[in-house]
1. Around residue B:70, what is the net charge, scoring Lys/Arg as +1 and Asp/Glu as -1 over all other residues with Cβ under 13 Å from its Cβ?
2. Let me check I have the definition right: for region B:1-83, take the eigenvalues of the Cα gyration tensor, multiply each by 5, take square roots. What are those semi-axes in whole Å, largest first?
3. Largest first, please: the extent of the C-alpha atoms of the protein assembly as shown along each principal axis, to the nearest Å.
4. How far is it, in nm, from the label point at residue B:135 to the one at residue B:167 when both lie 7 Å from their Cα along the line to the Cβ?
5. Evaluate E = 1/(1 + (r/R0)^6) for residue A:62 and residue A:102, where r is the Cβ-Cβ distance and R0 equals 41 Å; express this FRET efficiency to the nearest 0.05.
6. Please state the charge dipole magnitude for the protein assembly as shown, taken about the Cα centre, from unit charges on C-beta atoms (+1 on K and R, -1 on D and E), reported in debye and rounded to the nearest 20.
7. For the B and A pair, go ahead and give the buried accessible area with a 1.4 Å probe, both sides summed, in Å² to 100.
8. With a Förster radius of 30 Å, plug the Cβ-Cβ distance of residue B:68 and residue A:89 into 1/(1 + (r/R0)^6) and report the FRET value to the nearest 0.05.
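The values are calculated or read from the model by the stated rules, or taken from the named source; none is laboratory data. Just so it is clear, the model here is predicted, and its values are computed rather than measured. Here the Cβ is made from the backbone with ideal geometry for all residues, glycine too, and neighbour counts use every protein chain on show. Only protein heavy atoms, including side chains, enter the accessible area calculation; ligands, DNA and RNA are left aside. Shrake-Rupley method; radii C 1.70, N 1.55, O 1.52, S 1.80 Å.
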Amino acid sequence: MANLVFNITLFHYLILALILFTIGLLGVILSKNIIKALISAEFLISAVNINFVAFAFFVDSAKLTGFIFSIFTIAIGAVELAIAFAIFYLLFKEKKTVNINDYKELKG
Amino acid sequence: MNSAEILTSVIFYLCSAVIILSALLTILSKRIMYSLIFAIIVFFAVGFIFMLLNAEYNAIIQFAVYGVAIPILIAFALMFTSYKTDKSIYLAFSARLILTLISAILFVLTLFNILLISSSVVDWLFTSQSSLILNKYEMFNSISNGLYIKSFFALELIAFLVFVIIVGFSSLTLFKGKRNG
């Protein structure tokens with residue numbers, strides 16, 4: 001038992017990423033503030049990055065593909081947030097609110 | 001078990017606790033500025049997790065992008081949209097909350113079960129398997145080789161994507177401004 005606690009393995013990192021991903025998912029679904037939902041979406045990307053880096057460290061420590069892909073994911077996450085804020089700001093100029101429930105015409 | 005392993009585990013549990021608590025406080029905070037501050041703490045703690053995994057390259061990028069750049073973007077978004085504060089905007093307390101919580105618990109239990117099942121199939125899940133430990137120079141060299149040689153086209157694609165998005169957003173904003181004027 002002490003070995004499982006003090007010997008940090010891939011399992012520990014996967015559990016941490018799973019908890020962070022779940023919290024981010026809850027934030028995206030439950031938040032009524034658009035900005036808070038977008039911040040929660042970044043938690044999802046951070047959880048995925050932890051998985052990438054942990055797998056690269058424990059399984060693929062020669063080629064380090066997970067490390068490289070994690071860098072691409074960080075760039076994509078930043079771009080996604082910028083685009084989301086741009087769209088949100090353009091919508092905000094029309095509606096003047098940050099409440100998700102006021103943007104019902106986006107349902108299609 | 002040597003002292004380095006114990007120190008690593010202590011740092012890991014500390015960072016994990018900070019990540020989980022701050023992520024929860026991000027969602028549960030009523031003021032959006034507090035949410036942003038807790039989110040910054042989460043992003044920095046994730047960077048420290050990267051450093052524990054010998055990924056200093058990723059940790060520095062995490063600190064620079066998620067620790068500094070994205071919070072500045074979010075802070076500007078808050079400043080642009082905060083002239084009309086709506087105190088009622090918090091969490092969606094309704095049937096959606098209960099359904100989402102139940103779904104989240106099922107999601108966690110399912111993935112935890114999958115992890116436990118896979119631990120009996122693959123033997124590296126519970127053992128700190130690191131057959132090849134690279135030193136700092138080799139790690140940097142390997143990442144640079146992968147980034148600038150092996151994944152060169154992906155890197156160029158990302159750069160092109162960022163460029164297109166910046167130009168597209170600028171032209172979109174200009175177009176919108178002309179229409180409003």
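1. -2
2. Taking √(5λ) for each eigenvalue gives 29, 16, 5 Å, largest first.
3. 66, 46, 32
4. 4.5 nm
5. Numbers: r = 52 Å, r/R0 = 1.26.
E between residue A:62 and residue A:102, to the nearest 0.05, is 0.20.
6. Details: 18 positive and 12 negative charges, 285 e Å.
Dipole magnitude for the protein assembly as shown comes out near 1360 debye.
7. Using a 1.4 Å probe on protein heavy atoms, the buried area is about 7400 Å².
8. Numbers: r = 21 Å, r/R0 = 0.69.
Computed FRET efficiency for residue B:68 and residue A:89: 0.90.
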